[in-house]
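K.L.:
Take this structure, written in structure tokens, and hold onto it; I'll ask about it next.
The values are calculated or read from the model by the stated rules, or taken from the named source; none is laboratory data. None of these values were measured; they are calculated from a predicted model. All Cβ positions, glycine included, derive from the backbone under ideal geometry; neighbour counts span all protein chains shown. The protein model used for the area step is the full one, side chains on, heavy atoms only, and it has no ligands, DNA or RNA in it. Shrake-Rupley method; radii C 1.70, N 1.55, O 1.52, S 1.80 Å.
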Amino acid sequence: MKTRTWCLLLCVVAWWPALPAGAQELSATEIVRRADEKMRGTESSTGEVKMTIVRPTWTREMQLKTWVKGTDYALILVTAPARERGTAFLKRGNEIWNWQPSIDRVVKLPPSMMSQSWMGSDFTNDDLVKESSMVEDFEHRLLGREEVGGRLCYQIELTPRPDAAVVWGKILTWIDRQDFVQMKAEFYDEDGWLVNTMVTTRAGEMGGKVIPIVMEVIPADKPGHKTVMEQLSIEFDKPIPDDFFSIQNMKRLRL
């Protein structure tokens with residue numbers, strides 16, 4: 001099953017004055033597309049990420065290297081801690097594999113596992129490899145304008161297209177109108193209950209773009225639980241050949 005995507009920050013809401021000339025002409029879909037390209041790049045992105053899993057009685061950190069090309073290819077390599085080092089996840093089209101070097105085994109993930117937790121975090125397998133698309137899998141409706149985290153934002157409702165295999169009943173997202181940074185998103189189930197909130201706690205320039213740098217996902221029904229993703233570095237639109245995203249290469253990657 002397909003699920004979530006990036007989005008981001010909880011804060012006081014307020015209406016703002018009229019949009020600048022030309023801004024009204026952007027459709028809700030175009031706004032979402034521009035925000036999505038912030039993290040993907042128009043062609044590709046490569047980067048390093050720190051993930052911190054926070055629980056009421058413990059905290060755990062992981063570091064990752066990521067390679068993404070368009071919407072069809074993604075590869076994630078765990079570089080720390082030592083016990084998980086070398087573990088990798090590969091996406092090609094609608095197929096996803098997991099390489100576990102400790103047991104010398106490649107496992108193909110079935111669709112039923114896409115909504116499950118990714119390595120004990122509050123992100124799902126789909127979040128990390130972005131199997132679902134905020135642009136292609138949803139209808140978009142501009143609800144209004146609100147201020148989030150000190151940034152003037154478009155508030156947009158996303159509802160699944162009839163033929164999209166998406167588990168969410170709807171997503172509400174707040175996207176900064178100037179830099180198209182996704183500042184906040186709320187994910188609701190099919191019965192209308194809030195499941196997760198994803199927020200940006202810090203945005204800034206990296207890789208030549210203003211992007212979310214620190215993001216959190218906070219489960220609605222688990223007090224004291226959250227997962228923090230910090231972008232340590234990122235480079236956009238560096239050429240990556242398609243054959244880089246192969247099972248053989250996933251197994252050969254060096255830290």
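K.L.:
What trypsin sites (Lys or Arg not before Pro) in the stretch 176-255 are in a loop by DSSP, with at most 16 other Cβ atoms within 10 Å of the Cβ?
P.N.:
Sparse-neighbourhood loop trypsin sites (Lys or Arg not before Pro): Arg254.
K.L.:
Compare the Cα positions of Tyr154, Phe180, Ser246 along the charge dipole of the chain (+1 at Cβ of Lys, Arg; -1 at Cβ of Asp, Glu; about the Cα centre) and return the one farthest towards the positive end.
P.N.:
Positive-end residue among those listed: Ser246.
K.L.:
Where the only charges are on Cβ atoms (+1 Lys, Arg; -1 Asp, Glu), what is the dipole of the stretch 19-115 about its Cα centre, to the nearest 20 debye?
P.N.:
Charge dipole of the stretch 19-115: 400 debye, to the nearest 20.
K.L.:
Which residue fluctuates the most in the chain, going by a Gaussian network model with Cα springs under 10 Å, if the choices are Ile213, Ile103, Ile234?
P.N.:
Ile103
K.L.:
Hey, another quick one. Evaluate the charge dipole of the chain about its Cα centre and quote only its size in Debye, nearest 20, assuming +1 on the Cβ of each Lys and Arg and -1 on the Cβ of each Asp and Glu.
P.N.:
860 debye
K.L.:
Which angle from 0 to 90°, rounded to the nearest 10, does the C-alpha axis of helix 28-40 make with the longest principal axis of the chain?
P.N.:
30 degrees
K.L.:
On to the next question. Can you give the helix-only mean residue ellipticity at 222 nm for the chain, where every DSSP H stretch with n ≥ 4 adds -39500 (n - 2.57) and the sum goes over all residues, rounded to the nearest 500 deg cm²/dmol? It would help to have the intermediate numbers written out before the result.
P.N.:
Details: 3 runs with 24 residues, N = 255.
Computed ellipticity for the chain at 222 nm equals -2500 deg cm²/dmol.
K.L.:
Which of these, Val228, Val32, Val106, has the largest mean-square fluctuation under a Gaussian network model of the chain (Cα springs below 10 Å)?
P.N.:
Val106
K.L.:
Which whole-number percent of Cα pairs in the stretch 108-187 have a distance greater than 16 Å?
P.N.:
57 percent
K.L.:
A further question on this structure: In whole Hz and in residue order, list the ³J(HN,Hα) couplings for the stretch 177-192 that follow from phi through the Karplus curve 6.51 cos²θ - 1.76 cosθ + 1.60, θ = phi - 60°; x for Gly and Pro.
P.N.:
6, 8, 10, 6, 7, 6, 8, 6, 8, 10, 10, 10, 7, 5, 9, x
K.L.:
Please give the per residue accessible area of the stretch 48-118, computed with a probe of 1.4 Å over protein heavy atoms only, in Å².
P.N.:
About 49 Å² of surface per residue is accessible.
K.L.:
Further question on the same structure: Of all the stretches in the chain, which is the longest one without any exposed loop site, taking chymotrypsin sites (Phe, Trp or Tyr not before Pro) in a DSSP loop (any state but H, G, I, E, B) with at most 14 other Cβ atoms within 10 Å?
P.N.:
Answer from the scan: 16-192.
K.L.:
Scan the chain and hand back the longest stretch that contains none of the GluC sites (Glu not before Pro) lying in DSSP loops with at most 13 other Cβ atoms within 10 Å.
P.N.:
Here the longest run is 1-135.
K.L.:
Just how large is the dipole of the stretch 61-183 about the Cα centre, in debye to the nearest 20, putting +1 at every Lys and Arg Cβ and -1 at every Asp and Glu Cβ?
P.N.:
My answer is approximately 320 debye.
K.L.:
Another question, then. Over what distance in Å are the Cα centres of the stretch 31-65 and the stretch 171-212 separated?
P.N.:
Answer, in whole Å: 12.
K.L.:
Continuing with the same structure: Quick one: length gained pulling Glu235 to Lys222 fully straight, 0.36 nm per residue minus the C-alpha distance? Show your work: numbers first, answer last.
P.N.:
On the way: separation 13, 0.36 × 13 = 4.68 nm, distance 3.45 nm.
Roughly 1.2 nm would be gained on extension.
K.L.:
For the charge dipole of the chain, defined by +1 on Lys and Arg C-beta atoms and -1 on Asp and Glu C-beta atoms about the Cα centroid, which residue among Pro212, Ser117, Gly144 has the Cα displaced farthest towards the positive pole?
P.N.:
Ser117
K.L.:
Determine the share of the stretch 39-171's accessible area contributed by carbon and sulfur atoms, expressed in whole percent, with a 1.4 angstrom probe.
P.N.:
45 percent
K.L.:
How long are the semi-axes of the ellipsoid equivalent to the chain, from square roots of 5 times the Cα gyration tensor eigenvalues, in whole Å, largest first?
P.N.:
That gives 29, 20, 18 Å for the three semi-axes.
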